[in-house]
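Data block below; observations after.
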Amino acid sequence: MTTLRWGLIGASTIAAQHMIAAIRANGGDVVAVVSASADRAATFARDHAIAHGTSRLDDLLGSDDVDAVYISTTNELHRDQVFAAAAAGKHVLCEKPLALTLDDARAMVERCRARGVVMGTNHHLRNAATHRAMREAIKAGRIGRPLFARVFHAVYLPPNLQGWRIEKPEAGGGVILDITVHDADTLRFVLDDEPVAVTAMTSRGGMGREGLEDGVMGALRFASGLVAQFHDAFTTRYATTGFEVHGEAGSLIGTDCMTQAPKGDIVLRSKDGETRLAIDHENLYARSVRLFQEAVAGRGSPAASGEDGIKSLSVALSTREAARAGRETAIDLRV
Ligand code: NDP
């Protein structure tokens, strides 16, 4: 196994709750963390047994002890941090959405490509054993030609995350850039198909401040002709998550699978009745780090590449545009 020495850019919740453990589970070392605040960097480093905490990005990127960076700051900061990391020759695993505009996301991927560093987007859901099982079942022809998909991803945003997501449009807040972007990646992965157009309606259910949606429902048309429906929200305390694909010869019903935890079930319904697919659950973030490490070692690609990050961002931006304009909007999938 190739292990990496990581620098964290962002003293974030996702790093604290999932990614530090995922790196360590793969034998990787978290050697430094950078925060905008020296105090927060020091506290975060102490709390998570990281040797160095700094408020100077140059220190982290200038260190020969760092092979790769994991970027999990708020979304408006990703672009310049990826530029700086690539310039310093560090491999980059960046959080979604990659950026706030397509041009920025494309430039980020291009800089990493030009510098010869690996770039991945941390779309965790394509690492879920449930979604991988659905993709395999579709490829094996178990539901025939897929006709429709439905994504149930309306959740309740916990109080500790009710900051920039519901208050700061300039930080890339709102449910579309936060959650729809994941639906887009998961649909592309499970269906192995590309969305070409979207229509959507947004809502504000009491959480998002003026100008920031906290709920959305929409539909995507894929190149194959399949239509997918999605429902995302920050405001539904009691909803369950799910992912369904309905084909000519069968339906795959995924329950409790649009989550960060390695859990959920997939049932296949067809003329033969109902079968529960065998699912070998694995920590989603640990798998993301493992595939990223392998890619750095020259074996395969990150679970979600930089190009995947551009495409999921494009779906999200088109969804926002479609909702604002009140009409079906084409999705630009150029990378
Ligand atoms: P947080 O709000 O926890 O962290 C984002 C930034 O906010 C941090 O980089 C930090 O800045 C600052 N911050 C955090 N805590 C405090 C505090 N107590 N006081 C002041 N500032 C603070 O965000 P998330 O971890 O939820 O999200 C970070 C990124 O990760 C986003 O891009 C998000 O979209 C993505 N994400 C991805 C998930 C996935 O499963 N793929 C899941 C959740 C988030 P500083 O670094 O300067 O200290």
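Name the residue from 116, 75, 141 whose Cα lies farthest towards the positive end of the charge dipole of segment 72-141, charges +1 on Cβ of Lys and Arg and -1 on Cβ of Asp and Glu. Of the listed residues, the answer is 141. Once the Cα atoms are used to define both axes, helix 102-115 deviates from the longest principal axis of the chain by about 60 degrees. For segment 86-140 versus segment 41-75, the spacing of their alpha-carbon centroids is 21 Å.
When the chain is treated as a Gaussian network with alpha carbon springs shorter than 10 Å, the biggest mean-square fluctuation among 200, 51, 107 belongs to 51. Connecting C-alpha atoms closer than 10 Å in a GNM of the chain, tell me which of 321, 76, 170 has the biggest fluctuation. Result for the chain, Cα springs under 10 Å: 170 fluctuates most. When peptides 268-278, 206-216 are sorted by average Cβ neighbour count within 10 Å, with the highest value leading, the order is 206-216, 268-278. Summing charges over all other residues whose Cβ lies under 13 Å from the Cβ of residue 60, with Lys and Arg as +1 and Asp and Glu as -1, gives -2.
Relative to the longest principal axis of the Cα atoms of the chain, the long axis of helix 38-47 lies at roughly 70 degrees. Report the local net charge at residue 296: Lys and Arg +1, Asp and Glu -1, summed over other residues whose C-beta lies under 12 Å from its C-beta. Taking every other residue near residue 296 into account, the sum is +2. The packing ranking of peptides 233-239, 10-16, highest mean first, is 10-16, 233-239, where packing means the average number of other beta carbon atoms within 10 angstrom of each residue. Spacing of the modelled spin labels on residue 148 and residue 274, each 7 Å from Cα toward Cβ, amounts to 1.9 nm. A straight Cα-to-Cα reach below 24 Å connects residue 311 with the lysines 90, 96, 139, 168, residues fewer than 8 places away in its own chain not being considered.
Pull out a ≥ b ≥ c, the square roots of the eigenvalues of the alpha-carbon gyration tensor of segment 190-335, then state rounded if a/c is under 1.5, prolate if not and a/b is larger than b/c, and oblate in the remaining case. Since a/c stays below 1.5, the shape of segment 190-335 is classed as rounded. The residues packed around residue 262, meaning those with a beta-carbon under 15 Å from its beta-carbon, carry a net charge of +1 if Lys and Arg are +1 and Asp and Glu are -1.
Compared with the dominant Cα axis of the chain, that is its longest principal axis, helix 284-296 is turned about 60°.
For residue 263, a cut-off of 20 angstrom between C-alpha atoms picks up these aspartates and glutamates, skipping any fewer than 8 places away in its own chain: 136, 183, 185, 232, 244, 274, 280, 282.
The spacing between segment 280-300 and segment 157-216, judged by their C-alpha centroids, is 26 Å.
Over the chain, DSSP H runs of length four or greater, each weighted -39,500 (n - 2.57), average out per residue to a 222 nm ellipticity of -9000 deg cm²/dmol.
Every read-out reported here was derived from the displayed coordinates using simple, explicitly stated rules and does not represent laboratory data. From a predicted model like this one, the values you see are computed outputs, not experimental measurements. When we count neighbours, we look across all protein chains shown, and the Cβ atoms used for this are built from the backbone with ideal geometry, even at glycine.
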